[in-house]
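**Student:** Structure incoming, see below.
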Amino acid sequence: MSGSPNFLMRLMASTFSIAEKAQTIIHQVMSGGDLGVVEKDLPSQEVDEDLIESGQSDEVLKYTCPTQYSHIKEDEIVVWVDPLDGTKEYTEGLLDHVTVLIGIAYEGKAIAGVINQPYYNYQAGAGAVLGRTIWGVLNLGAFGIQLGEVPEGKHIITTTRSHSNKIANDCISAMNADEVIRVGGAGNKVIQLIEGKASAYVFASPGCKKWDTCAPEAILHAVSGKLTDIHGKPFQYHKDVKHMNSAGVLATLRNFDYYASRVPDSIKMALVP
C-alpha cells in the first residue's frame with residue numbers, strides 16, 4: 001500500500017486489535033469462574049493498564065481504503081460498541097453464540113465493522129485455534145469468513161431465542177420456513193447468513209440496539225447482503241439517534257425482497273420506527 005494508511009484504515013486496524021484483546025479478556029473472565037457483572041456499563045474508575053490495547057493489525061493495514069472514505073476525519077465518525085453480544089448465552093455456556101461487536105458509522109450509515117467470536121471452534125477439540133475476528137468495509141469486502149449458500153429453494157430463518165413474543169412468532173410463521181434456528185446474538189445471526197447456515201434473520205420485536213446491528217450490518221453489506229428494520233427501512237447511526245431498534249430487524253444475504261414481502265401488514269403496524 002502506497003503512503004501512510006488514512007484515518008479509517010488506521011481505525012479499523014486498531015478496532016481489530018481491540019476486538020482480539022476483548023476475546024482474551026472474555027476468556028479470562030470465563031476461566032475465572034465468577035460472572036458477577038450483570039450490567040454492560042463502562043467502568044467509572046480508572047481502567048487497569050493490562051486491559052488497554054494500543055496495537056494495530058498489520059493485516060488490516062495491507063488494504064487500501066475505498067476512495068469515498070479516504071478523506072474521513074475523526075470527528076465525522078461514530079463508533080458503536082457491544083463488548084459482549086449474547087450476554088445471556090455467555091452465562092448459560094452457549095459460547096458459540098457470543099460475539100464482540102465494533103461498528104463504525106459515517107454520515108449515519110454503517111460503513112465498517114469488526115465481529116470477534118471468542119469461542120469459535122471451542123468444540124473442535126485439542127489443537128483447534130480458538131476464536132476468530134471478522135472485519136469488513138463497504139466497497140472493500142469482508143475478511144476472516146467464507147461465504148456460503150443455503151440450498152436452493154430452502155428457507156431457513158434465524159431468530160431470537162430470548163426475546164420471543166406473539167408478534168415475533170407470528171412474523172416467523174408468516175415466512176413459511178423450512179427450518180427455524182433460535183440463537184442468541186445479532187452478530188451470531190448475521191454470521192449464519194454469511195456462512196449459508198440461514199437465509200434470513202427475522203426479528204419482529206423492539207429488543208436490540210444500534211450497537212447490536214452496526215457492525216453486523218456493515219459486514220453483511222460489504223458482501224452485498226442487506227439489513228434493515230422490519231419495514232425495509234435502513235437504520236441510522238448518527239451520534240444522537242435513539243439507541244433502540246424499535247421496528248425490529250430483517251436481514252438476508254440473498255433474496256431480501258422475498259422475505260420482506262412475507263412480513264404481514266399487521267406486524268408492520270405494530271412495530272413503529
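**Student:** Taking Rh as the Kirkwood radius, which is the inverse of the mean 1/r over Cα pairs, what is the Rg/Rh value for the chain?
**Tutor:** Working: Rg = 18.3 Å, Rh = 19.1 Å.
A ratio of 0.96.
**Student:** Using R₀ = 51 Å, calculate the FRET efficiency as 1/(1 + (r/R₀)^6) where r is the Cβ-Cβ separation of ASN169 and LYS239; round to 0.05. List each step's numbers first, then the result.
**Tutor:** Working: r = 34 Å, r/R0 = 0.67.
Efficiency at R0 = 51 Å is approximately 0.90.
**Student:** Using unit Cβ charges (K, R positive; D, E negative) and no other charged atoms, how large, in debye to the nearest 20, is the dipole of the range 52-93 about its Cα centre? If you can, show how the numbers build up before the last one.
**Tutor:** Working: 3 positive and 10 negative charges, 36 e Å.
With Lys and Arg at +1 and Asp and Glu at -1, about 180 debye.
**Student:** Dipole size in debye (nearest 20) for the chain around its Cα centre, Lys and Arg Cβ +1, Asp and Glu Cβ -1? Let's see the in-between values first.
**Tutor:** Working: 23 positive and 32 negative charges, 181 e Å.
For the chain, the charge dipole is close to 860 debye.
**Student:** Please list the helices of the chain that count as membrane-span-like by this rule: a mean Kyte-Doolittle hydropathy of at least 0.0 together with Cα atoms stretching 20 Å or more along the helix axis, each helix being a complete DSSP H run.
**Tutor:** Within the chain the helices that satisfy the rule are 7-32.
**Student:** Kindly provide the pair-distance distribution of the range 122-181 built from C-alpha pairs, with 5 Å bins from 0 and whole-percent values in order of increasing distance.
**Tutor:** The distribution over the range 122-181 is 4, 12, 14, 13, 16, 19, 17, 5, 1, given as percents.
**Student:** Now for a different question. Quick one: dipole size for the range 48-207, taken about the Cα centre, charges +1 on Lys/Arg Cβ and -1 on Asp/Glu Cβ, in debye to the nearest 20. Write out the running numbers ahead of the final one.
**Tutor:** Working: 11 positive and 21 negative charges, 124 e Å.
Magnitude of the dipole: close to 600 debye.
**Student:** A further question on this structure: Take the cross-link list LYS154/LYS233; LYS189/LYS233; LYS209/LYS268; LYS88/LYS166; LYS73/LYS189; LYS62/LYS209 and give me the ones stretching past 29 Å between alpha-carbons.
**Tutor:** The pairs that break the limit, which is 29 Å between Cα atoms, are LYS73/LYS189; LYS62/LYS209.
**Student:** Using 0.36 nm per residue of separation minus the Cα-Cα distance, give me the extension gain between THR67 and GLN123 in nm, one decimal. Working shown, then result.
**Tutor:** On the way: separation 56, 0.36 × 56 = 20.16 nm, distance 4.09 nm.
Gain on stretching THR67 to GLN123: 16.1 nm.
**Student:** So what is the 222 nm mean residue ellipticity for the chain from helices alone, if each DSSP H run of at least 4 adds -39500 (n - 2.57) and you divide by all residues, rounding to the nearest 500 deg cm²/dmol?
**Tutor:** On the way: 8 runs with 80 residues, N = 273.
Counting only the DSSP helices, I get -8500 deg cm²/dmol.
**Student:** A further question on this structure: Using a 1.4 Å probe, what is the accessible area per residue for the chain, in Å²? It would help to have the intermediate numbers written out before the result.
**Tutor:** On the way: 13420 Å² over 273 residues.
Heavy-atom SASA per residue in the chain reads 49 Å².
**Student:** Then there is this: How much of the DSSP bridge set in the range 104-257 is antiparallel, in percent, rounded to the nearest 5? Could you put the intermediate results ahead of the total?
**Tutor:** Numbers: 19 of 26 bridges.
Bridges in the range 104-257 that DSSP calls antiparallel: roughly 75 percent.
**Student:** Which FRET efficiency value, to the nearest 0.05, is calculated for ASP75 and LEU147 with the Förster distance at 45 angstrom and r the Cβ-Cβ distance?
**Tutor:** Numbers: r = 35 Å, r/R0 = 0.77.
The pair ASP75/LEU147 has a calculated efficiency of 0.85.
**Student:** Which value, in Å² rounded to 10, gives the accessible area of ASP265 with a 1.4 Å probe and all protein chains present?
**Tutor:** Answer for ASP265: close to 110 Å² accessible.
**Student:** In addition: Where Rh denotes the Kirkwood radius from the mean inverse Cα pair distance, what is Rg over Rh for the range 115-259?
**Tutor:** Values: Rg = 15.0 Å, Rh = 15.6 Å.
Here Rg/Rh amounts to 0.96.
**Student:** I'd like the carbon and sulfur percentage of the solvent accessible area for the range 129-273, probe radius 1.4 Å, heavy atoms only, ligands and nucleic acids excluded.
**Tutor:** Values: 3090 of 6070 Å².
Carbon plus sulfur share of accessible area: 51 percent.
**Student:** Also, quick follow-up: Using the scaling law 2.2 N^0.38 Å as the reference, what is the normalised Cα Rg of the range 43-87? Before the final figure, lay out each step's value.
**Tutor:** On the way: Rg = 15.2 Å, N = 45, 2.2 N^0.38 = 9.3 Å.
Against the empirical 2.2 N^0.38 Å value, I get 1.63 for the range 43-87.
The values are calculated or read from the model by the stated rules, or taken from the named source; none is laboratory data. This one's a predicted model, so the numbers in the text were calculated from it and none came from an experiment. When we count neighbours, we look across all protein chains shown, and the Cβ atoms used for this are built from the backbone with ideal geometry, even at glycine. What goes into the accessible areas is simple: the full protein's heavy atoms, side chains included, and nothing from ligands, DNA or RNA. Shrake-Rupley method; radii C 1.70, N 1.55, O 1.52, S 1.80 Å.
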